[in-house]
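Have a look at the structure below before the remarks.
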Amino acid sequence: MMENDTPLTFIVSEDEADKRIDRYLADIMPEVSRTYIQKMIKEGFISVNKKKIKPNYILSAEDILLISFPEPSVPDIVPESIPIDIVYEDEDIIVVNKPKDMVVHPAAGHYTGTLVNALLYHCGDNLSGINGVLRPGIVHRIDKDTTGLIIACKNDFSHNFIAEQLATHSIKREYHAITLGALDNDNNTIETNIGRSRNDRKKMAVTKAPEGKCAITHYNVLNVYEYKSNKYSYIECKLETGRTHQIRVHMSYIGHPLLGDITYGQQKQPFKTNGQVLHAKTLGIIHPRTKNYMEFDSDLPDYFKKILKIMSNNVDN
């Protein structure tokens, strides 16, 4: 297997001694899964003091770790004739209303059926290449089970322009969601740091500074329902920042996880939601070429409307 020429080097401090090497590396490289780190150790891409070790190796102070990442094997991403709900399209951008259960871009073990596969079929070679062959056109993403608006770019000029708006938090992004419990409208801003969970590397969590990145969510309560002796809040969230799982983490943090979110909320759910009840409803941008403000809106998906109707009538699901 080929590997990158220049390895990463880490020297273990006194404070980090007595840790397993796989856990140590997972903490300092949160973008790499612990499972993949263990695989790299077994295949000899990670050494300690120039010697091969096992994933359960216990570190000592002054140990020198060398990490050479293997060259990624990138499969061909095949265009697929998948129907997509196009809200707007021109020579620079395309805005799509993403359905539930659709992954935005290919990743390990999931190379078909994604929005990128559909965009490649629809747009051909007219997608920006800044994010590489796995994510052509993709500037931002929403979770697999989150529905709603996402923008893709057809050229690098547009990609850079939209990415700059994302970086400066000037894009308008409004989501609708249903949470467990009755929320009041007195404290409608949540500001924390969000980073990778130390207990579960697949999850995000509220962290203490300086860990993680600043995350700000504003929410407004649209209605509170009582259904089968339990209360639920229908809310609108406005993102000031765009961290991974931000709304899901923030609402769980204040004790009101999203309905259907078994990752950050309850395992047992009263409705068949197929994941969190969260919809990216409104998207507002400055167009990269015309420099005019454009705003797009999408209807709530049918399953979301059905839940609201059931709750408002307080009838059986």
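The values are calculated or read from the model by the stated rules, or taken from the named source; none is laboratory data. Since this is a predicted model, take the numbers as computed values, not measurements. All Cβ positions, glycine included, derive from the backbone under ideal geometry; neighbour counts span all protein chains shown. In case anyone asks, the SASA skips ligands and DNA or RNA and just uses the protein heavy atoms, side chains included. Shrake-Rupley method; radii C 1.70, N 1.55, O 1.52, S 1.80 Å.
I'd like the full set of residues that are farther than 18 Å from Thr282 by Cβ, open to solvent by 20 Å² or more (accessible area, probe 1.4 Å) and among the hydrophobic types (A, V, I, L, M, F, W, C), limited to the stretch 236-258.
Matches in the stretch 236-258: Ile254 only.
I need the full set of residues from the stretch 12-22 which are outside any helix (DSSP H, G or I) and surrounded by 14 or more Cβ atoms within 10 Å (Cβ to Cβ), in order please.
Listed by number, the residues that qualify are Val12, Glu16, Ala17, Lys19, Arg20.
Which residue pairs have Cβ atoms under 6 Å apart, sit 6 or more places apart or on different chains, and have a first residue in the stretch 164-180 that is modelled with pLDDT of 95 or more and a second that is open to solvent by 70 Å² or more (accessible area, probe 1.4 Å)?
Once the first residue is modelled with pLDDT of 95 or more and sits in the stretch 164-180, its partners that are open to solvent by 70 Å² or more (accessible area, probe 1.4 Å) give Glu174/Lys238.
Restricting attention to the stretch 151-163, which residues are touching a Cys at 6+ places or on another chain (Cβ under 7 Å) and either without any contact (Cβ under 8 Å) to a residue 40 or more places away in the chain or open to solvent by 70 Å² or more (accessible area, probe 1.4 Å) (or both)?
Matches in the stretch 151-163: His159 only.
Please state which of the following conditions Glu89 fails to meet, knowing it meets all the rest: (1) touching a residue at least 12 places away in the same chain (Cβ under 8 Å); (2) in contact with a strand residue (DSSP E or B) (Cβ under 8 Å, 6 or more places away or on another chain); (3) under 30 Å from Val277 (Cβ atoms).
Going through the list (1) touching a residue at least 12 places away in the same chain (Cβ under 8 Å); (2) in contact with a strand residue (DSSP E or B) (Cβ under 8 Å, 6 or more places away or on another chain); (3) under 30 Å from Val277 (Cβ atoms), Glu89 breaks only (1).
Do we find a residue being in contact with a helix residue (DSSP H, G or I) (Cβ under 8 Å, 6 or more places away or on another chain), closer than 22 Å to Gly195 by Cα and open to solvent by 10 Å² or more (accessible area, probe 1.4 Å) anywhere in the stretch 291-305?
No, every residue in the stretch 291-305 fails to be in contact with a helix residue (DSSP H, G or I) (Cβ under 8 Å, 6 or more places away or on another chain), closer than 22 Å to Gly195 by Cα and open to solvent by 10 Å² or more (accessible area, probe 1.4 Å).
Quick check: is even one residue across the stretch 220-231 open to solvent by less than 50 Å² (accessible area, probe 1.4 Å) and polar (S, T, N, Q)? Break it down into steps so the answer makes sense when it comes.
Start the filter on the stretch 220-231 by keeping residues that are open to solvent by less than 50 Å² (accessible area, probe 1.4 Å), which leaves 221, 225, 227.
Next cut, polar (S, T, N, Q) only: none.
No, that holds for no residue.
If the requirement is being out of contact with any helix residue (DSSP H, G or I) (no Cβ under 9 Å at 6 or more places or on another chain) and modelled with pLDDT of 95 or more, which of these qualifies: Thr147, Thr189?
Only one candidate passes the filter, namely Thr189.
Before we move on, is Lys281 basic (Lys, Arg) and surrounded by fewer than 18 Cβ atoms within 10 Å (Cβ to Cβ)?
Against the criterion (basic (Lys, Arg) and surrounded by fewer than 18 Cβ atoms within 10 Å (Cβ to Cβ)), Lys281 does not qualify.
How do the pairs read when you match residues in the stretch 191-220 that are over 18 Å from His169 (Cβ atoms) and small (Gly, Ala, Ser) with residues anywhere that are open to solvent by less than 20 Å² (accessible area, probe 1.4 Å) and not in a strand (DSSP E or B), using Cβ under 8 Å and keeping only pairs 6 or more apart or on different chains?
Short answer, once both residue conditions are applied: Ala205/Ser197; Ala205/Val249.
What number of residues in the stretch 23-57 are closer than 15 Å to Lys202 by Cβ, touching a residue at least 24 places away in the same chain (Cβ under 8 Å) and not in a loop (DSSP other than H, G, I, E, B)?
3
State whether one or more residues within the stretch 43-50 are within 30 Å of Ser128 (Cβ to Cβ), open to solvent by less than 90 Å² (accessible area, probe 1.4 Å), in contact with a Leu (Cβ under 7 Å, 6 or more places away or on another chain) and not hydrophobic (A, V, I, L, M, F, W, C).
Looking for residues that are within 30 Å of Ser128 (Cβ to Cβ), open to solvent by less than 90 Å² (accessible area, probe 1.4 Å), in contact with a Leu (Cβ under 7 Å, 6 or more places away or on another chain) and not hydrophobic (A, V, I, L, M, F, W, C), one finds none in the stretch 43-50, hence no.
Scan Val95, Val116 and give me the residue that is under 19 Å from Phe296 (Cα atoms), modelled with pLDDT of 95 or more and among the aliphatic types (A, V, I, L, M).
Val95
List pairs: first residue in the stretch 286-307 and of a type outside the set (Asp, Glu), second residue assigned to a helix (DSSP H, G or I) anywhere in the structure, Cβ distance under 7 angstrom, at least six positions apart or on different chains.
That search, which allows pairs on different chains as well, returns Ile286/Gln165; Pro288/Phe157; Pro288/Ser158; Pro288/Phe161; Pro288/Ile162.
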